[in-house]
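Enquirer: Okay, handing you the structure first.
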Amino acid sequence: MNYIWSNLKHRAFLTALTVIAVMVTVALFSLLLMSKDGVEQGAEKGYGPFEVVIGADGSESQLVLNSFYRVGAPTGNIPYDTLRQVEESGEAESAFGMTTGDSHEGYPIVGIDPAYFVTRYEDRSLAEGKLYSAQGEVTVGYTVAKALNLQIGDTFSGAHGLVEHVELKEEGHEEDDHEEGHEEEGHAEGHEGDAHDSFIYTVTGILPKLGTADDRAIFTTMDYAWAVHGLDEEHREITAIIVKPETLLGAQTIKQQFDELDNVQAVYSSKAVADVLNMVDTGSELLLIVMLVCALLAASTLLLALLSSIQERKRDVGLLRLIGKSRAYILTCLIGEGVALTAAGVVLGIAAGHIAAALLGDLVFTETGIQLEALRLATNEWQLMAGALAIGALASAVPAFRVYRTDALTLFRN
């Protein structure tokens, strides 16, 4: 070990460069594995006990992603009476209608019965305040409250669609300044914008950190959407219905029954999520190819560093052989240097990856909904470490055996 350590210190700059190359590659791989775990775990628990979703005809994946993960736009609306039909079918243990489509500062406003939280999360108490109970009251997700610095009693207004309210108002002012001649054409849109601006929400509660997309949403009563858009009782619509069936057979019955309705589809949540995960896996494979190229570059850097080191120590190797040092001792010293460099890079890389995940975790979750678990090793991270060490040993063995097989006197003279 002393011999290896003295060689590493003697070539400090190249040693540091090699360790950094390995560290960066391992850190990137570590973050990729944590991200993949975050996507899969978030998808698995993202829909909770609600095995069936009912909504307007369109993409099954889009319906599920919007209903549970707050991603994308709704597929459309369905009659409010559809919820009553589900409840009266006798096959649903619980069913909740949802109204979506509005937002505040980019965070979706979701109208749903407060009993949804008890059904999905059981007895979790709120971080602050209480659940909404009247029109205009809202309970905000953990991430929303943190990002927007919302407190109990704060008020705000919403906007149509998933756009930032401030930007919407700024665009509205620009249109007022530059399109004064088109007041009649923009009357309907202006009226809707005024309705959103004049409807005030009051924060009554803040949810605890749930680790789901609900952390990034604002919840209120379902009738907010009808009030904002001026819909009377006969024209009330909802965006989707999420259903916790009594039994698996009940789930199948509900799907068959409501698939037959015009402009309505019923979707198995697990199937739609599996389809999305298959697409994510394809993207991960492409990213993995890029990462493997980085790994090859790191391995090449390691190989070049070891070749340079061994070339400088040919005389030492020859001397060791002449004084009778065993083959095992010499090869252990030569290969050990490469393994030591790789091990240092691997340890620092894993540490750097997890530190980055801890520092960026909240930002990544806020922007993408992906939860990075910085305090535990990701799936296959042990294999990553073992593979990196194996590559380091292999890269070390090639120049080591090449030098050892050369005649000892020749090595010493050179």
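The values are calculated or read from the model by the stated rules, or taken from the named source; none is laboratory data. Keep in mind that this is a model prediction, so the values were computed, not measured. Ideal geometry is used to build each Cβ from the backbone, glycine not excepted, and the neighbour counts take in all protein chains shown. Calculation scope for accessible area: heavy atoms of the full protein, side chains included, ligands and nucleic acids excluded. Shrake-Rupley method; radii C 1.70, N 1.55, O 1.52, S 1.80 Å.
Enquirer: Restrict the check to the stretch 78-88 and report whether at least one residue is within 26 Å of Ile206 (Cα to Cα) and in contact (Cβ under 8 Å) with a residue 60 or more places away in the chain.
Expert: No, the conditions are met nowhere in the stretch 78-88.
Enquirer: Out of all the residues in the stretch 24-73, which are under 28 Å from Leu249 (Cβ atoms), of a type in the set (A, V, I, L, M, F, W, C), open to solvent by less than 40 Å² (accessible area, probe 1.4 Å) and assigned to a helix (DSSP H, G or I)?
Expert: Residues satisfying the conditions are Ala43, Leu63, Val64, Phe68.
Enquirer: Quick one: how many residues across the stretch 103-127 are touching a Leu at 6+ places or on another chain (Cβ under 9 Å), hydroxyl-bearing (Ser, Thr, Tyr) and under 15 Å from Tyr142 (Cβ atoms)?
Expert: Qualifying residue count, the stretch 103-127: 2.
Enquirer: Does any residue of the stretch 185-194 turn out to be modelled with pLDDT under 80, small (Gly, Ala, Ser), crowded, with 17+ Cβ neighbours inside 10 Å and more than 25 Å from the chain's Cα centre (by Cα)?
Expert: Checked against the condition, which is being modelled with pLDDT under 80, small (Gly, Ala, Ser), crowded, with 17+ Cβ neighbours inside 10 Å and more than 25 Å from the chain's Cα centre (by Cα), the stretch 185-194 yields at least one hit.
Enquirer: Another question about this same structure. Out of (1) under 20 Å from Gly211 (Cβ atoms); (2) at pLDDT below 95, the odd one out for Val140 is which?
Expert: Val140 satisfies every listed condition except (2).
Enquirer: Please work out which one of (1) open to solvent by 30 Å² or more (accessible area, probe 1.4 Å); (2) not in a helix (DSSP H, G or I); (3) not small (Gly, Ala, Ser) is the condition Met98 fails and give its number.
Expert: So Met98 meets the others, but not (1).
Enquirer: Okay, next question. Six or more apart or on different chains, Cβ atoms under 7 Å: show the pairs whose first residue is in the stretch 52-64 and more than 17 Å from Gln257 (Cβ to Cβ) and polar (S, T, N, Q) and whose second is part of a loop (DSSP other than H, G, I, E, B) and open to solvent by 10 Å² or more (accessible area, probe 1.4 Å).
Expert: Listed by first residue and then by second, the contacts come to Ser59/Thr75; Gln62/Gly72; Gln62/Thr75.
Enquirer: Also: Would you confirm, using the coordinates I've provided, whether Ala145 is in a strand (DSSP E or B), surrounded by 19 or more Cβ atoms within 10 Å (Cβ to Cβ) and among the small types (Gly, Ala, Ser)?
Expert: no
Enquirer: Which one of these is open to solvent by 80 Å² or more (accessible area, probe 1.4 Å), in a helix (DSSP H, G or I) and either at pLDDT 85 or above or not basic (Lys, Arg) (or both): Leu359, Leu375?
Expert: Leu359
Enquirer: Quick one: in the stretch 101-120, of everything that is hydrophobic (A, V, I, L, M, F, W, C) and open to solvent by 30 Å² or more (accessible area, probe 1.4 Å), which residue is farthest from Arg236 (Cα to Cα)?
Expert: Among them, the one singled out is Val118.
Enquirer: Yes or no: the stretch 15-23 includes at least one residue that is at pLDDT 80 or above and over 23 Å from Gly353 (Cα atoms).
Expert: No, the stretch 15-23 has no match at all.
Enquirer: All but one of (1) of a type outside the set (A, V, I, L, M, F, W, C); (2) at pLDDT below 75; (3) touching a helix residue (DSSP H, G or I) at 6+ places or on another chain (Cβ under 9 Å) hold for Asn380; which doesn't?
Expert: Looking at each condition in turn, Asn380 falls short on (2).
Enquirer: Considering Thr204, Thr220, which residue is crowded, with 18+ Cβ neighbours inside 10 Å, touching a Gly at 6+ places or on another chain (Cβ under 9 Å) and within 18 Å of Ala159 (Cβ to Cβ)?
Expert: Selected residue: Thr220, the only one of Thr204, Thr220 that is crowded, with 18+ Cβ neighbours inside 10 Å, touching a Gly at 6+ places or on another chain (Cβ under 9 Å) and within 18 Å of Ala159 (Cβ to Cβ).
Enquirer: Applying the selection to the stretch 329-352, what residues are among the small types (Gly, Ala, Ser), in contact with a helix residue (DSSP H, G or I) (Cβ under 8 Å, 6 or more places away or on another chain) and surrounded by fewer than 24 Cβ atoms within 10 Å (Cβ to Cβ)?
Expert: The answer is Gly336, Ala340, Ala343, Ala344, Ala352.
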